[in-house]
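Notes follow once the structure below has been shown.
The values are calculated or read from the model by the stated rules, or taken from the named source; none is laboratory data. Just so you know, these numbers come straight off a predicted model, no measurement behind them. Note that we place each Cβ from the backbone using ideal geometry, even for glycine, and neighbour counts take in every protein chain shown. All accessible areas refer to the heavy atoms of the entire protein, side chains included, with ligands and DNA or RNA removed. Shrake-Rupley method; radii C 1.70, N 1.55, O 1.52, S 1.80 Å.
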Amino acid sequence: MSAVGRAVGAPAQRHDAPELEAVVPAPLLVFGWGNPSRGDDALGPLFVEAIEAMKLPGVECLTDFQLQVEHALDLRGRKRVLFVDASADAAAPFTVERIEPARDASFTTHAVSPQAILQVFREVEAEPPPPCWLLAIRGDAWELGTAPSDSARQNLKEAIDWGRRWIAKG
C-alpha cells in the first residue's frame, strides 16, 4: 500500500526483497571448445558432454565454438580448470600440460588461446587465475560436415578415461 493509500498514523508496509541465493560456482570447470560440424574439431565439446553425463559432484561443464576474452569470467571462484580442445599437433592420443597466463598474439584475434584467457583473468581480477590445464586431444580430419574420424574417436575415449581419473584425484 502506498503512503497515499494508508490510514493516517498507520505504519508503512514493509516490502522485503526476496532473498537471492548466491550462485557459488563448482570448484572444477571443464571447458571444451570446437565446432561439432567440422570433423575432429568436435573433440572438445564431445569430451565435455561425456564428463557432464557422468554427473560428477563439484564439476561444471561448459562448451563453446571458440574461446573469447569474456570466458575469463568463467574462472571466477574455481579451484581448478581443465581446458579441452582438439589438436593437429598433439601426440596421439592426447597431451596434458599445466598452463600459465601469457599475453600472446591471439589476445586480439578470433582464436584466443587459453593462456590469453588466464592473462585476461589476472588483469581483470587483479589476482592469479586458478590452476589450469590444457588437454589437447589428437585429431586429423577437419572437413566441414563430417563426423569425427575413427582415430579421433579412439583418442577421445582414452582422453575421457584419463579425465575421469584426473577429476577423481581432485
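Here are a few things to note about the model shown:
- First in region 146-170 and at positive phi, second anywhere and of a type in the set (A, V, I, L, M) and at pLDDT 95 or above, Cβ under 9 Å, 6 or more apart: G170/L28
- Top-ranked residue in region 110-137 [being under 18 Å from N35 (Cα atoms) and open to solvent by 60 Å² or more (accessible area, probe 1.4 Å); ranked as farthest from the chain's Cα centre (by Cα)]: H110
- Cβ-Cβ under 9 Å pairs, at least 6 apart or on other chains, region 92-106 side closer than 27 Å to D161 by Cβ and open to solvent by 90 Å² or more (accessible area, probe 1.4 Å), far side modelled with pLDDT of 95 or more and in a strand (DSSP E or B): E97/W133; E97/L134; E97/L135; E97/A136; R98/C132; R98/W133; R98/L134; E100/C132
- Single condition A42 does not satisfy, out of (1) aliphatic (A, V, I, L, M); (2) open to solvent by 50 Å² or more (accessible area, probe 1.4 Å); (3) touching a strand residue (DSSP E or B) at 6+ places or on another chain (Cβ under 9 Å): (2)
- In the set R122, R98, R103, R78, only one residue is modelled with pLDDT under 95 and of a type in the set (D, E, K, R); that residue is R103.
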